[in-house]
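What follows is one structure encoded as structure tokens, with my remarks underneath.
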């Protein structure tokens with residue numbers, strides 16, 4: 001058994017997100033092998049064939065004073081949350097500065113505060129305990145609150161108080177929460193979680209190869225029983241923008257932020273761990289970007305696709321969750337046929353470069369001045385150029401949108 005001390009939404013206050021404390025602490029690795037019978041004091045004589053179990057504890061120290069402060073806070077408060085029967089995890093996103101926001105939370109919540117960092121805070125009061133974490137993103141601050149209280153009514157009261165302190169916040173149905181998974185050379189599979197704002201403007205003119213309006217395509221996919229969606233096309237043709245809009249539509253339906261597992265790391269997909277996390281977790285979707293290596297036929301030596309084939313037809317489909325692949329592969333014939341099987345795959349669609357006529361149509365959606373549209377489109381098509389990417393048109397219009405899920 002391997003005990004990992006990484007991640008960003010471990011709710012227990014004795015294990016702050018990303019940190020696992022033991023006292024005394026070995027700052028490198030401490031590995032202990034034990035027999036199962038040694039874990040049970042009521043067991044009789046040990047059998048010679050006892051199963052060996054290894055526990056690997058790992059803790060990274062970046063700043064020693066910070067570690068001591070957190071350890072003291074945890075030792076003082078380690079049992080508080082166990083007293084309260086009601087737990088909720090609440091997220092908010094705000095355009096305020098991280099330090100100022102957490103200053104206000106510490107000073108104006110009416111609770112005793114233990115500040116562990118610029119965006120790390122413990123709050124305690126009669127009948128309530130809160131662990132708060134905040135992260136800066138490109139456009140806003142993402143905050144997560146683990147709340148333990150004595151009653152459901154106290155949870156609602158706390159939500160209102162937090163929102164009042166935070167001030168104007170983005171509606172959760174406009175957000176999606178991204179769990180970005182990657183491999184760490186020392187700890188194995190790791191992840192970080194943050195919020196993304198689903199504010200991309202999607203235009204049908206960017207997807208001339210689609211057989212229906214893009215919003216209708218998204219609605220049909222979310223309504224469908226099929227789990228898998230495959231988006232093929234060269235870079236810059238709108239695949240990521242489409243994925244973001246799909247995730248935003250999931251949040252709208254849910255009435256809260258969609259929970260999304262995301263990776264573009266080939267090594268993360270070479271073990272079962274990330275798939276187990278998806279199956280047993282609460283994610284609404286699994287997004288795999290640049291999945292060229294993963295989608296090739298198994299007869300070509302692809303040994304990783306079978307894991308997706310197994311989960312796509314099981315509990316994931318039964319729960320209505322989705323798996324979205326993006327790839328730069330030029331032809332759908334390069335993809336393993338088993339993934340495309342009817343009942344498993346909703347669609348395999350291509351995004352492509354735009355002709356001059358198509359680029360002008362998109363430019364006219366982005367820029368009101370028609371003369372300016374003609375001028376900008378013409379600048380994209382010097383002699384010899386026959387097609388341009390969707391990203392090229394957005395850049396020329398001055399409306400670059402967002403690049404990448406992260």
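A few notes on this one:
- Residue match in the stretch 313-325 (condition: surrounded by 15 or more Cβ atoms within 10 Å (Cβ to Cβ), modelled with pLDDT under 85 and under 21 Å from the mean Cα position of the chain (by Cα)): yes
- The lone criterion from (1) under 20 Å from residue 335 (Cα atoms); (2) at pLDDT 95 or above; (3) not in a helix (DSSP H, G or I) left unmet by residue 261 is number (1).
- Selection count where residues are more than 22 Å from residue 232 (Cα to Cα) and either in a helix (DSSP H, G or I) or at pLDDT below 80 (or both), scope the stretch 264-273: 1
- The criterion of at least 1 residues that are under 23 Å from the mean Cα position of the chain (by Cα), buried (at least 20 other Cβ atoms within 10 Å of the Cβ) and in the same structural domain as residue 263 (by TED's automatic domain parsing) is met, among strands (runs of 3 or more DSSP E) falling completely within the stretch 128-205, by 175-184, 188-197.
- Residue check, residue 88 in contact with a helix residue (DSSP H, G or I) (Cβ under 9 Å, 6 or more places away or on another chain), under 27 Å from residue 198 (Cβ atoms), part of a loop (DSSP other than H, G, I, E, B) and not assigned by TED's automatic domain parsing to the domain that holds residue 193: no
- Single condition residue 398 does not satisfy, out of (1) over 25 Å from residue 288 (Cα atoms); (2) at pLDDT 95 or above; (3) touching a helix residue (DSSP H, G or I) at 6+ places or on another chain (Cβ under 9 Å): (2)
- So residue 343, is it on the phi > 0 side of the Ramachandran plot and touching a residue at least 60 places away in the same chain (Cβ under 8 Å): yes
The values are calculated or read from the model by the stated rules, or taken from the named source; none is laboratory data. Worth saying up front: this structure is predicted, and the values here are computed from it rather than measured. Here Cβ is always computed from backbone atoms with ideal geometry, including for glycine, and neighbour counts include all displayed protein chains.
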